[in-house]
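Written out below as structure tokens is the structure these notes cover.
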């Protein structure tokens with residue numbers, strides 16, 4: 001048998017094994033095959049080429065090893081050694097793919113192992129194989145194999161997906177369902193012009209058949225606080241979430257899913273703020289990126305958190321991906337089963353293809369702009385992974401309340417806004433603008449694709465509500481942000497006093513009310529050395545006991561200079577406590593977020609004048625015809641509903657969904673120590689100065 005023929009047989013065996021593996025993957029995950037090009041590349045061309053190379057290398061190599069005349073064939077040995085070396089480099093290259101596109105590497109390993117196993121069987125039953133190959137049966141076996149494989153693929157994809165669709169249609173009754181999608185930092189400022197250009201078809205469809213508004217955020221514009229307000233309808237002093245370190249143990253109130261869970265509804269929560277540690281619900285709860293550990297409810301979904309911790313913990317510490325120190329580190333070797341489970345629970349072929357291409361681009365260049373762009377695209381890859389898994393889970397379980405949160409618009413807008421509006425940031429090169437201007441719009445296109453996945457599972461009785469906690473705008477070059485942690489250390493403020501900067505604004509909160517006067521006094525003692533003017537204005541925030549807004553003296557807008565601060569005999573450089581906001585992040589939070597609602601009983605193509613983050617929970621409860629609590633700080637957005645909605649049933653009210661008034665709730669709050677690791681990570685995201 002010639003070398004070429006052997007190589008072809010190896011290639012064909014790899015191809016057959018690849019198709020068998022594709023059947024296994026598509027049967028377990030009917031959404032896996034979503035890209036014809038990626039299918040042909042990874043399950044037809046790549047196995048065939050690798051199998052061919054393997055055949056070319058393996059046969060001469062084994063002959064040379066077993067030959068006593070190998071020494072006299074140095075030229076041929078050198079040729080095959082080089083080929084073998086290049087093949088090993090190719091395998092190493094595929095192994096690196098595993099870091100992000102691990103499933104592709106595992107697939108090829110399975111192909112190699114399977115092909116070797118077939119070869120061993122052929123050696124063991126050599127006479128039988130020769131007889132079959134020389135008989136007329138051989139001409140029949142090959143087409144039969146491919147027909148069977150194609151039938152298996154049809155069953156694995158079309159059949160399984162049809163069963164999901166049947167389950168979805170059978171669950172569509174008269175009982176209301178809700179899909180809440182939270183995109184952190186999304187803004188109409190970008191969505192509307194992109195819709196007009198035809199770039200966001202799913203947003204556009206929902207707007208044209210639904211109601212929408214600018215969603216007013218709250219002060220301070222700190223994401224954990226706002227998302228807790230969205231889910232509870234209450235201000236932070238009532239719900240108890242004050243910062244990024246809050247856990248479910250800090251909550252003082254019930255959120256929308258707690259209210260519905262108590263009334264027998266099924267729940268599915270993915271990535272929402274302050275859901276760690278998770279607790280039992282009638283469905284599933286997968287905590288957000290801020291979670292301390294890998295726990296989920298039920299535990300079988302912890303693979304996603306472990307995979308996320310691995311990716312963030314091993315490769316994300318320096319870029320501020322993590323907000324808290326990890327309780328565990330997952331090695332690449334240990335993360336193999338998490339990749340496999342991710343595929344089983346919905347990750348699609350196009351997602352693996354995207355991750356692999358981004359990683360290869362990152363590995364193959366030292367160009368700083370290319371690497372900076374790929375850093376953003378890695379965040380987009382995480383959006384693809386999470387939306388794949390959530391779409392699969394909701395298609396399978398069809399919860400009454402499905403909640404999906406993703407931080408991509410916020411993560412991309414903070415660093416890349418300078419390329420979107422370069423005229424507001426002196427010093428941005430034309431080359432950088434040309435290559436990175438599309439980074440933020442690309443992130444919005446990816447959120448639209450994610451919406452498309454989620455909307456595919458939609459039933460006629462499901463309302464879709466999309467919101468963001470705030471919008472975005474360019475950072476003001478004349479705005480300065482406090483380095484809160486260094487200020488606390490320098491002034492010796494007691495435990496329980498925290499200062500954080502949310503882009504343009506800085507805030508102080510003191511847990512122990514008996515210490516408020518001491519903390520405020522020490523901060524006000526800082527003055528400019530030359531003028532003797534106070535460095536900070538410390539003003540209490542209305543309706544926020546224990547909260548103070550810190551305003552830097554406006555003198556700095558006109559003459560920052562190289563100034564010194566003084567407190568008694570001590571002198572400090574101004575740079576110890578202050579830096580330009582735009583030097584760290586170019587996009588900052590804006591007050592106007594996104595609100596969009598679409599479903600039965602909702603007005604179509606209708607814009608309302610105002611909406612608040614506090615109005616989300618009352619409005620969601622109205623959809624379910626449940627009473628509205630009088631202790632909510634928001635109200636039902638009646639203007640989004642068609643007139644007949646309330647004609648069928650009037651709104652009902654109760655005093656509260658809590659067992660006792662939140663004004664008298666007594667709960668011991670833990671004082672959290674900020675480790676150096678946590679401080680650096682918060683600084684990397686711009687939340688600590």
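The values are calculated or read from the model by the stated rules, or taken from the named source; none is laboratory data. Note that the coordinates shown come from a computational prediction; the quantities given were computed from them, not determined experimentally. Cβ placement follows ideal geometry from the backbone for every residue including glycine, while neighbour counts extend to all protein chains displayed.
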If I ask for residues that are within 29 Å of residue 398 (Cβ to Cβ) and either not in a loop (DSSP other than H, G, I, E, B) or not assigned by TED's automatic domain parsing to the domain that holds residue 467 (or both), which ones from segment 240-274 would you list? 248, 256, 257, 258, 259, 260, 261, 262, 267, 268, 269, 270
Please tell me if residue 376 is buried (at least 17 other Cβ atoms within 10 Å of the Cβ), closer than 15 Å to residue 435 by Cβ, in contact (Cβ under 8 Å) with a residue 60 or more places away in the chain and in the same structural domain as residue 410 (by TED's automatic domain parsing). yes
All conditions in (1) modelled with pLDDT of 95 or more; (2) within 31 Å of the chain's Cα centre (by Cα) are true of residue 626 except (2)
Quickly run through segment 593-602 and pick out the residues that are more than 22 Å from the chain's Cα centre (by Cα) and closer than 19 Å to residue 440 by Cα. none
For the condition more than 30 Å from residue 597 (Cβ to Cβ), touching a residue at least 24 places away in the same chain (Cβ under 8 Å) and touching a helix residue (DSSP H, G or I) at 6+ places or on another chain (Cβ under 6 Å), what is the one hit in 498, 491? 491
Can you name the residue in segment 189-202 that is in contact (Cβ under 8 Å) with a residue 12 or more places away in the chain and surrounded by fewer than 23 Cβ atoms within 10 Å (Cβ to Cβ) and is also nearest to residue 548 (Cα to Cα) among such residues? 189
Quick check on segment 548-579: of everything there that is in a loop (DSSP other than H, G, I, E, B) and at pLDDT 80 or above, which residue is nearest to the chain's Cα centre (by Cα)? 577
Reported set for segment 594-610 where residues are surrounded by 20 or more Cβ atoms within 10 Å (Cβ to Cβ) and either free of Cβ contacts under 8 Å to residues at least 24 places away in the same chain or under 22 Å from residue 185 (Cα atoms) (or both) is 594, 595, 596, 597, 598
For residue 211, the lone unmet condition from (1) over 24 Å from the mean Cα position of the chain (by Cα); (2) closer than 25 Å to residue 399 by Cβ; (3) without any contact (Cβ under 8 Å) to a residue 60 or more places away in the chain is (3)
Checking residue 584 against (1) modelled with pLDDT of 85 or more; (2) closer than 30 Å to residue 439 by Cα: exactly one of these is not met. Which one? (1)
Among the residues of segment 445-499, what is the count of those that are in a strand (DSSP E or B) and in contact with a strand residue (DSSP E or B) (Cβ under 6 Å, 6 or more places away or on another chain)? 15
The residue that is modelled with the lowest pLDDT, considering only those in segment 470-486 that are surrounded by 18 or more Cβ atoms within 10 Å (Cβ to Cβ) and within 25 Å of residue 214 (Cβ to Cβ), is 475
Failed item in (1) surrounded by fewer than 24 Cβ atoms within 10 Å (Cβ to Cβ); (2) on the phi < 0 side of the Ramachandran plot, with residue 613 passing the rest: (1)
